[in-house]
Amino acid sequence: MYQRIVVLTGAGISAESGLKTFRAEDGLWEEHRVEDVATPEGYWRNPDLVNRFYNQRWTQLKKDVEPNPAHQALGRLEQEFDGELLLVTQNIDNLHERGGSRRVLHMHGELVKGRCPKSQQTFPLAMPFGPDNLCTCCEPGNVMRPHVVWFGEMPIGLDRIYEALERCDLFISIGTSGTVYPAAGFVEMANHAGAHTLEINLEPSEVHSQFNTHRQGRAGELVPELVEQLLRGELVR
Ligand code: NAD
Ligand code: APR
């Protein structure tokens, strides 16, 4: 039975909820240039374009998107697993929380929060991003930016993630292409800690060869099966 599990999720776990991934044919990066909507330079160059990009994703998240069985299975794992569990997501949606997970580490930030560019304080998003959405921590208020980690910025919570990876006995990666660091390097750290490493993905990721075992297919189907096995105390094959 495993005692210390680290789970990493990427855009693929939310695909079956109807949210676009980044690097599929119809992915987010096919519609937008990363430099324009996912970098600090892009934001300061054209904040309206970036605000529109995130406001559209925020509206979709609020309106017609629900957690899928993969999110719900990880919520159940958190509630029923007796050992230590750290759930790290690269996703900025709130589907893990709505699927029952109460402790989620969003290393790339959260779409449902805004951030004051001066104080770095974060606030639940009450209105779309724009020139009227001002922080309440400074006088006069500063225009809030998306609480999202862009290319070139530091991811959130790395110390806590690395500490967990150095002592984990099971590392599971779900729905990520393994193309962006530092998340793509987590499997190497888990292997170094002697953990068993498992990749669940629709197709082999860029770091596929570094995993001990693989389950290829849809997260909505494979993750509930895996959680059942873990809660029965079975080893992962
Ligand atoms: P990085 O340099 O590690 O990322 C490089 C990867 O980002 C590339 O392999 C590619 O997958 C992607 N990338 C970079 N430029 C691209 C482009 N022009 N077109 C398509 N893909 C491109 O990223 P970084 O600068 O070290 O980012 C720091 C952190 O911010 C990382 O953890 C990254 O994942 C994160 N991030 C988050 C978001 C988000 O939308 N939440 C967007 C970008 C980056
Ligand atoms: N079940 C399992 N895996 C899936 C599913 C599914 N239903 N649908 C798609 N996938 C897989 C794809 O095969 C792909 O490998 O999910 C992966 C999604 O990869 P990306 O689109 O690259 O998303 P992600 O890996 O989360 O991107 C990492 O890059 O742009 C930055 O910060 C951004 O957090 C993002 C990071």
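Just a few scattered comments:
- Verdict on residue 105 being assigned to a strand (DSSP E or B) and farther than 18 Å from residue 55 by Cβ: yes
- Matching residues, the range 147-161, being surrounded by 13 or more Cβ atoms within 10 Å (Cβ to Cβ) and out of contact with any strand residue (DSSP E or B) (no Cβ under 7 Å at 6 or more places or on another chain): 150, 153, 155, 158
- Breaking point among (1) within 16 Å of ligand 2 (Cβ to nearest atom); (2) within 13 Å of the chain's Cα centre (by Cα), for residue 146: (2)
- Of all the numbered requirements in (1) in a helix (DSSP H, G or I); (2) β-branched (Val, Ile, Thr); (3) touching a strand residue (DSSP E or B) at 6+ places or on another chain (Cβ under 9 Å), residue 59 misses one, and that requirement is (3).
- Inside the range 186-198, residues that are more than 9 Å from residue 210 (Cα to Cα) and crowded, with 24+ Cβ neighbours inside 10 Å make up a count of 2.
- Any hit, the range 167-177, residues being exposed (fewer than 13 other Cβ atoms within 10 Å of the Cβ) and more than 26 Å from residue 37 (Cα to Cα): no
- Entry remark, the range 1-37: residues being more than 17 Å from residue 177 (Cβ to Cβ) and of a type in the set (Ser, Thr, Tyr) number 2 in total.
- The set of residues from the range 162-183 being within 16 Å of ligand 2 (Cβ to nearest atom) and under 13 Å from residue 7 (Cα atoms) comprises 171, 172, 173, 174, 175, 176, 183.
- Helices (runs of 4 or more DSSP H) lying entirely in the range 136-237 (those with 3 or more residues that are in contact (Cβ under 8 Å) with a residue 40 or more places away in the chain and within 16 Å of ligand 1 (Cβ to nearest atom)): 158-165
- Residue check, residue 81 in the same structural domain as residue 37 (by the TED database) and among the hydrophobic types (A, V, I, L, M, F, W, C): no
- Among the residues making up the range 75-90, those that are touching a strand residue (DSSP E or B) at 6+ places or on another chain (Cβ under 6 Å) and within 16 Å of ligand 2 (Cβ to nearest atom) are 87, 88, 89.
- Filtering the range 7-47 to residues that are touching a residue at least 24 places away in the same chain (Cβ under 8 Å) and away from ligand 2 (no atom under 16 Å from the Cβ) leaves only 47.
- Qualifying residue in the range 80-97 (condition: on the phi > 0 side of the Ramachandran plot and assigned to a strand (DSSP E or B)): no
- Any hit, the range 87-108, residues being away from ligand 1 (no atom under 16 Å from the Cβ), surrounded by fewer than 14 Cβ atoms within 10 Å (Cβ to Cβ) and in the same structural domain as residue 172 (by the TED database): yes
The values are calculated or read from the model by the stated rules, or taken from the named source; none is laboratory data. Here the structure is a predicted model, which is why all the values come from computation and not from measurement. All Cβ positions, glycine included, derive from the backbone under ideal geometry; neighbour counts span all protein chains shown.
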